1. Looking only at region 57-68, decide whether some residue is farther than 23 Å from residue 179 by Cβ and in the same structural domain as residue 144 (by TED's automatic domain parsing).
2. Take residue 105 and decide whether it is in a helix (DSSP H, G or I), at pLDDT 90 or above and surrounded by 16 or more Cβ atoms within 10 Å (Cβ to Cβ).
3. Looking at region 173-186, can you tell me whether even one residue there is of a type in the set (S, T, N, Q), farther than 21 Å from residue 69 by Cβ and modelled with pLDDT under 90?
4. Residues in region 2-16: is at least one more than 30 Å from residue 100 (Cβ to Cβ), outside any helix (DSSP H, G or I) and not basic (Lys, Arg)?
5. Mind checking which residues of region 26-48 are surrounded by 20 or more Cβ atoms within 10 Å (Cβ to Cβ) and over 21 Å from residue 103 (Cα atoms)?
6. Return a yes/no flag: does region 3-13 have any residue that is in contact (Cβ under 8 Å) with a residue 12 or more places away in the chain, out of contact with any strand residue (DSSP E or B) (no Cβ under 8 Å at 6 or more places or on another chain) and within 26 Å of residue 144 (Cβ to Cβ).
7. Would you check if residue 98 is free of Cβ contacts under 8 Å to residues at least 24 places away in the same chain and in the same structural domain as residue 142 (by TED's automatic domain parsing)?
Amino acid sequence: MKLVKHIPNTITCLNLFFGILGIIFCFSLRFDLSFYCMLAAVTCDFCDGLAARTLGAYSDMGKELDSLSDLVSFGVLPALTLNRLMLSFFNGGVLCYVPLLIAIFAALRLAKFNIDEEQHSSFRGLPTPASALLCGALAYYTVVEPYGFLADWARGLAFIPALSAILCGLMVSRVEMFSLKFKKGQGPGTAIFAKRVFLLAFAACALIACLLLGMNWSLAVIATLTVYILTAIIA
């Protein structure tokens, strides 16, 4: 039984491992591989909470370990991804380092989450995994579709710094955003369940549209996260 209780923390450590591996790939400008690592880290982040709830293996150490791992995988990794992406386009410049603020604001977001009693069933501010995936998907698309419209935008001097500033603001905002982690009392018939179903259905439709139209699947990730953010702001 004692061994079972270590399973959630082991999964969390895998989250951290993939975050570190993704950072290594960033410095080699392999944004495709770093994005795959980010996706693996997000999967681990989802599964460690699921394992903790299923096994009843909650612990203070697990909570802190989760935040530290998230800071690396969803704070430092996306910040370096956009930073290195800009440096690959431009020969330095102050604006190339604006994306590094994402790591700082991710730390603020995670620290606030740990002490905020209102964020058990929903979030206040953009979750760090969502922010990270948006950054990672953009870099991935830019690498695999260098002549795509988003790649053209990313090569502009102001686009990535502006996106970084928006994500930083959203992470520490009080905008209410729902969690995709299913919990007791949030089943069919609840508003949060309907929101989750809508977002998952949109993601599926976006992915199918990308495949049918011959567009890269990362556009479905970007579109889904954009809808997630916009619906939270507008609602």
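The values are calculated or read from the model by the stated rules, or taken from the named source; none is laboratory data. All values reported here derive from a predicted model rather than from experimental measurement. Note: ideal-geometry Cβ built from the backbone for every residue, glycine included; neighbour counts use all protein chains shown.
1. No, every residue in region 57-68 fails to be farther than 23 Å from residue 179 by Cβ and in the same structural domain as residue 144 (by TED's automatic domain parsing).
2. Considered against the rule, which asks whether it is in a helix (DSSP H, G or I), at pLDDT 90 or above and surrounded by 16 or more Cβ atoms within 10 Å (Cβ to Cβ), residue 105 comes out as yes.
3. Yes, region 173-186 contains at least one residue that is of a type in the set (S, T, N, Q), farther than 21 Å from residue 69 by Cβ and modelled with pLDDT under 90.
4. Scanning region 2-16, I find at least one residue that is more than 30 Å from residue 100 (Cβ to Cβ), outside any helix (DSSP H, G or I) and not basic (Lys, Arg), so the answer is yes.
5. Result: 48, single match.
6. no
7. no
Residues checked against (1) among the hydroxyl-bearing types (Ser, Thr, Tyr); (2) surrounded by fewer than 17 Cβ atoms within 10 Å (Cβ to Cβ):
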residue: 190; (1), (2): yes, yes
residue: 194; (1), (2): no, yes
residue: 208; (1), (2): no, yes
residue: 217; (1), (2): no, yes
residue: 223; (1), (2): no, no
residue: 229; (1), (2): no, no
